[in-house]
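The values are calculated or read from the model by the stated rules, or taken from the named source; none is laboratory data. Computed from a predicted model, the values in this text were never measured in an experiment. Neighbour counts are summed over all protein chains in view; Cβ atoms, including those assigned to glycine, are modelled from backbone coordinates with ideal geometry.
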Amino acid sequence: MELQYRGKHILAPMVRVGTFPFRMLAAEYGADITYAEEIVNHRLLRCTRKINKMLGTVDLVEKSTDTFVVQTCDEEKSCGVFQIRTSDESFSISGGIGAAFLSKPDLILDIEKTGVAAVAVNGRKVADSPRDPAQWDGIAEVVSALSIPVISNGDVFEYSDYQCIKDASGRFLL
């Protein structure tokens with residue numbers, strides 16, 4: 001099943017926030033699509049799938065330590081997105097991925113050519129800290145370079161911020 005991104009309310013990727021309870025709450029309040037916390041690929045390979053009957057969830061836990069990695073449920077099959085990172089952060093940034101998109105929006109064209117349905121872009125550059133305000137107008141350059149939907153991310157705290165980021169970013173903002 002392919003998710004449809006246009007015209008949707010999306011809980012964009014957020015570091016240390018995309019937990020299962022938060023995703024379910026966001027869905028209850030109207031999010032059409034929710035992103036889980038990022039999972040590093042080598043950690044995922046060390047996981048086993050466990051059915052949590054008490055909570056009605058599927059939990060992925062590390063085999064050797066029983067450390068919890070991620071949790072999901074049947075309700076997320078139609079709206080949940082899992083992020084899998086294949087490299088460390090410094091490699092991603094030096095390779096033009098992640099925060100580097102805002103500095104080099106033309107790099108994202110290569111990702112569009114792979115056939116992805118949408119891309120999320122955070123409104124911060126590599127040198128910015130999470131405390132720096134998101135640069136919503138910078139996302140507009142990325143939006144204008146692509147024909148696929150762009151999930152704009154960064155400093156959207158209430159519904160009125162959604163309209164502000166939409167106005168600043170352009171036509172395919174989600």
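Run down T67, T57 and say which single residue is modelled with pLDDT of 80 or more, β-branched (V, I, T) and surrounded by 15 or more Cβ atoms within 10 Å (Cβ to Cβ).
T57
Kindly indicate whether D137 is exposed (fewer than 13 other Cβ atoms within 10 Å of the Cβ), touching a helix residue (DSSP H, G or I) at 6+ places or on another chain (Cβ under 7 Å) and modelled with pLDDT under 80.
No: the conditions fail for D137.
Out of region 114-151, which residues are part of a loop (DSSP other than H, G, I, E, B), without any contact (Cβ under 8 Å) to a residue 60 or more places away in the chain and of a type outside the set (A, V, I, L, M, F, W, C)?
T114, G115, G123, R124, K125, D128, S129, R131, D132, P133, Q135, S147, listed by residue number.
Can you find even one residue in region 20-30 that is assigned to a loop (DSSP other than H, G, I, E, B), at pLDDT 85 or above and acidic (D, E)? Steps first, please.
Here is the first cut: in region 20-30, the residues assigned to a loop (DSSP other than H, G, I, E, B) are 29-30.
Subset that is at pLDDT 85 or above: 29-30.
Now drop any that are not acidic (D, E), which leaves none.
No, region 20-30 has no match at all.
Restricting region 9-19 to residues that are of a type in the set (A, V, I, L, M) and in a loop (DSSP other than H, G, I, E, B), which is nearest to V40 (Cα to Cα)?
V15
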